[in-house]
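The values are calculated or read from the model by the stated rules, or taken from the named source; none is laboratory data. It should be emphasised that the depicted structure is a prediction, and the values quoted were computed from it without experimental measurement. Cβ placement follows ideal geometry from the backbone for every residue including glycine, while neighbour counts extend to all protein chains displayed. Please note that ligands, DNA and RNA were not included when accessible areas were found on the heavy atoms of the full protein model with its side chains. Shrake-Rupley method; radii C 1.70, N 1.55, O 1.52, S 1.80 Å.
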Amino acid sequence: MKIAVIGGAGVRTVIFINGLLKRCRKLDIDEVALYDIDRDKLGIIQKLCAHVVSRAGGELRVYAAQDAREAVMGADYVVTTLRVGGDHSRTMDEEIALRCGVIGQETTGVGGFSMAARTIPVLLEYCELIRSCAPNAWIFNFTNPSGLVTQALKSAGHDRVIGICDAPSSAKFRMADYLGVTEEELYVEFFGLNHLSWIRSVKVSGREIMGELLKDSDFLKGVEEFERFDPEVIRLVGLLPNEYLYYYYHREKALENIVKAGSARGRNIEEINRRMFEELRGMDMDKDPEGALQTFLYYMQLRENSYMAVETGGEGRPILERGQLPIPEGIGYAGVMLDCIEGMQSDTGRYLVLSVENQGALPQLNPEDVVEMTCLVSKEGIRPVSVENPPQDCMLLIHSIKHYERLAVKAIMEGSSREAVRALMLHPLINSYSLAERLVKEYEEAYEGMFKK
């Protein structure tokens with residue numbers, strides 16, 4: 001079976017291949033085609049991937065396709081992980097937002113809107129190509145903002161699309177580690193939207209422990225995803241939050257910390273990636289592939305070390321020197337995708353957190369609305385776990401963001417700056433017509449042609 005990766009020059013592709021190596025035989029996957037419009041970076045990433053396969057003694061074929069058609073032709077699964085406009089566009093998105101006094105994080109608020117506006121038209125073209133060359137392929141969308149992008153693709157009639165995000169799976173991994181249990185013993189049930197979800201149930205070997213965890217201050221401070229929050233807001237809500245809810249529950253703190261740092265994370269990531277690829281270009285990767293891999297891993301830890309550190313005012317982890325750096329196990333988006341494929345091939349199925357059509361799981365939303373929910377994935381299909389009587393506090397925020405997403409998709413599909421203002425003025429992190437109007441004008445000037453009318 002074949003996987004195609006659109007946006008294959010992304011740095012996470014190397015981690016993805018490492019995760020796939022451990023499961024490709026079980027999943028009957030023997031071929032991965034990488035495609036990216038940045039041929040220079042794609043060549044570097046492909047060589048790193050080939051070395052990862054070689055050092056593990058694997059037989060997985062990983063190659064750089066010449067064009068998108070070759071990449072997706074006959075694919076069984078397609079991963080979409082694009083950054084239209086490159087790393088600098090993220091920096092621009094965040095800094096324009098900061099000039100206007102709002103948070104511009106790439107998946108939340110106006111930063112997410114700008115990224116979606118650049119990305120959705122391009123992804124729709126790729127989806128049409130996939131429909132032509134691999135009509136039975138499942139598309140796993142990891143392109144941010146994942147939920148909004150997946151909603152746009154679904155609304156355009158692309159049914160075989162699943163939105164994936166590694167935040168819920170990472171939270172479960174760290175919860176299991178703290179509790180001293182295996183992930184198989186731990187059931188964690190999420191509901192909401194991508195980067196706007198809550199955990200409503202935690203069970204160990206079938207026993208509900210949610211109430212105990214909410215009272216346990218050591219637990220709330222001992223798991224990375226929750227330690228950023230004031231414990232009292234978690235207890236006030238009565239649910240464990242997705243880490244991105246920090247931007248809503250501690251909005252002024254996040255903005256203050258970003259301003260105090262002098263720049264948002266996007267500029268840090270842009271600089272780290274620039275230095276990494278510059279150093280890799282100067283190496284003879286054929287003669288010293290392990291040295292190149294260690295260089296890559298060194299810069300990757302710098303990336304991960306900065307995750308949410310600016311926004312929360314926290315400190316990163318210690319930096320390890322290159323030489324013996326291990327390749328991450330790939331529990332991120334690669335793990336979610338591979339778990340999903342395994343579930344699709346299973347009779348009994350497995351529970352995973354995915355962005356899929358609601359199908360009545362949250363009865364307060366439309367059946368076709370894309371939600372991020374715990375789902376049972378099996379040969380029978382993907383079924384979100386139903387949630388009865390979700391807290392009204394959560395549903396008010398869900399309704400608000402889902403309405404924004406519907407309007408944002410409309411604005412992007414129509415190329416309408418007027419509809420863009422309408423969408424942004426209703427977003428809780430903006431909540432102002434005059435501010436939304438200014439933001440749309442600023443982004444239009446930065447990205448000429450973002451809106452046709």
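Evaluate the following for T107: is it within 17 Å of C127 (Cα to Cα) and under 17 Å from the mean Cα position of the chain (by Cα)? No: the conditions fail for T107. Restricting the stretch 1-29 to residues that are farther than 19 Å from A68 by Cα and in a loop (DSSP other than H, G, I, E, B) leaves a set whose member that is farthest from the chain's Cα centre (by Cα) is D28.
Here K2 meets the list (1) out of contact with any strand residue (DSSP E or B) (no Cβ under 6 Å at 6 or more places or on another chain); (2) open to solvent by 10 Å² or more (accessible area, probe 1.4 Å) almost entirely, failing just condition (1). Only one of (1) of a type outside the set (S, T, N, Q); (2) under 26 Å from Q345 (Cα atoms); (3) surrounded by fewer than 19 Cβ atoms within 10 Å (Cβ to Cβ) fails for R12. Which number is that? Among (1) of a type outside the set (S, T, N, Q); (2) under 26 Å from Q345 (Cα atoms); (3) surrounded by fewer than 19 Cβ atoms within 10 Å (Cβ to Cβ), R12 violates only (3). Looking only at residues in the stretch 128-145 that are out of contact with any helix residue (DSSP H, G or I) (no Cβ under 9 Å at 6 or more places or on another chain) and part of a helix (DSSP H, G or I), which one is nearest to D339 (Cα to Cα)? Per the criteria, the residue is R131. Looking across the stretch 15-34, not a single residue is open to solvent by 60 Å² or more (accessible area, probe 1.4 Å) and small (G, A, S).
Collect the residues in the stretch 136-155 that are open to solvent by 40 Å² or more (accessible area, probe 1.4 Å) and either polar (S, T, N, Q) or modelled with pLDDT under 95 (or both), keeping them in residue-number order.
Taking the stretch 136-155 as the starting set, the residues that turn out to be open to solvent by 40 Å² or more (accessible area, probe 1.4 Å) are 136, 138, 155.
Listed by number, the residues that qualify are N136, S155.
Do you know which residues across the stretch 156-166 are at negative phi and either open to solvent by 10 Å² or more (accessible area, probe 1.4 Å) or of a type outside the set (G, A, S) (or both)? So that I can check it myself, show each step before the final result.
The initial filter retains those residues of the stretch 156-166 that are at negative phi, namely 156, 158-166.
Selection gives A156, H158, D159, R160, V161, I162, I164, C165, D166.
Summed over the stretch 177-209, residues that are under 25 Å from the mean Cα position of the chain (by Cα) and loosely packed, with under 13 Cβ neighbours inside 10 Å total 2. Number of residues in the stretch 152-199 that are over 21 Å from L407 (Cβ atoms), outside any loop (DSSP other than H, G, I, E, B) and polar (S, T, N, Q) equals 2. For the stretch 101-118, the set of residues classified as assigned to a loop (DSSP other than H, G, I, E, B) and either open to solvent by less than 40 Å² (accessible area, probe 1.4 Å) or basic (K, R) (or both) consists of V102, I103, G104, Q105, E106, T107, T108, listed by residue number. Of the residues making up the stretch 314-339, those that are over 22 Å from the mean Cα position of the chain (by Cα) and at pLDDT 70 or above are I319, L320, E321, R322, G323, Q324, L325, P326. Among residues of the stretch 333-356 being open to solvent by 60 Å² or more (accessible area, probe 1.4 Å) and assigned to a strand (DSSP E or B), the one that is farthest from S400 (Cα to Cα) is R350. At least 2 residues being open to solvent by 20 Å² or more (accessible area, probe 1.4 Å) and either among the charged types (D, E, K, R) or at pLDDT below 95 (or both) is the threshold, and among the helices (runs of 4 or more DSSP H) wholly inside the stretch 211-307 those reaching it are 217-222, 224-227, 231-237, 251-261, 265-281, 289-305.
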